[in-house]
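The next block holds one structure in the form of structure tokens; read it before the comments.
Read the figures in this text as sums done on the coordinates, not as results from a lab. Treat the numbers as computed from the prediction; the structure is a model and nothing was measured. Every residue, glycine as well, gets a Cβ built from its backbone with ideal geometry; the counts of neighbours run over all protein chains shown.
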């Protein structure tokens with residue numbers, strides 16, 4: 001679990017992360033963030049007193065590939081290397097770089113729509129399976145489709161109620177700039 005570094009960032013936005021460690025103070029120690037996933041990203045923190053600051057410009061992060069990365073935050077002093085923390089970090093795509101036809105819905109929303117389309121298409125078909133020229137087609141039972149639909153409806157409802165997909169307009173949004 002990451003405690004010193006954010007678990008998600010967005011490409012195309014500035015990144016500033018301050019890390020203070022009594023065990024590995026700057027300038028004796030240098031902190032490095034090693035990210036491996038859709039691409040390879042290596043960051044080096046600048047010393048800020050006895051603390052460390054990872055700072056990247058929006059231009060620098062704009063070239064980062066979106067996706068899920070493994071991350072290791074390491075303290076380095078000469079040949080001595082220690083891992084402060086490790087985990088996963090998600091890099092979201094820069095909205096500026098996404099085409100106008102991008103589907104911003106998540107997996108649950110897209111899957112729910114597909115399940116509902118299958119249910120709707122099946123409403124006029126009464127056979128669950130049939131065979132033509134020795135080839136058999138077996139359709140998913142309506143009861144199974146309805147169970148899947150309920151599962152995905154619940155997941156979408158939970159995502160919406162947790163604020164992940166809520167609109168920002170009309171709500172108070174706290175923002176801190178570093």
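In table form, for the structure just shown:
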{"item": "Fully extended contour minus Cα-Cα distance, from residue 160 to residue 83, at 0.36 nm per residue", "result": "24.1 nm"}
{"item": "Taking 4, 102, 82, 52 and counting other C-beta atoms within 10 Å, the order from fewest to most", "result": "102, 82, 4, 52"}
{"item": "Value of [θ]222 nm, deg cm²/dmol, for the chain, DSSP H segments ≥ 4, -39500 (n - 2.57) each, nearest 500", "result": "-7000 deg cm²/dmol"}
{"item": "Helix 142-161 vs. the chain, principal-axis angle (Cα, 0 to 90°, nearest 10)", "result": "30"}
{"item": "Residues of segment 1-31 with amide N under 14 Å of a point placed 7 Å along Cα→Cβ from residue 46", "result": "15-19"}
{"item": "Folded to 0 to 90 degrees: helix 107-122 orientation relative to the chain principal axis, Cα", "result": "10"}
{"item": "Principal semi-axes in Å for segment 25-80 [√(5λ), Cα gyration tensor, largest first]", "result": "23, 14, 7"}
{"item": "Label corresponding to Cα extents along the principal axes in Å when calculated from the structure given, among [x] 74, 46, 29; [y] 43, 35, 33; [z] 51, 41, 32", "result": "[x]"}
{"item": "Highest-fluctuation residue, 120, 18, 109 considered, GNM on the chain with Cα pairs under 10 Å", "result": "120"}
{"item": "Gained length - residue 113 relative to residue 100, 0.36 nm times residue gap less alpha-carbon distance", "result": "2.6 nm"}
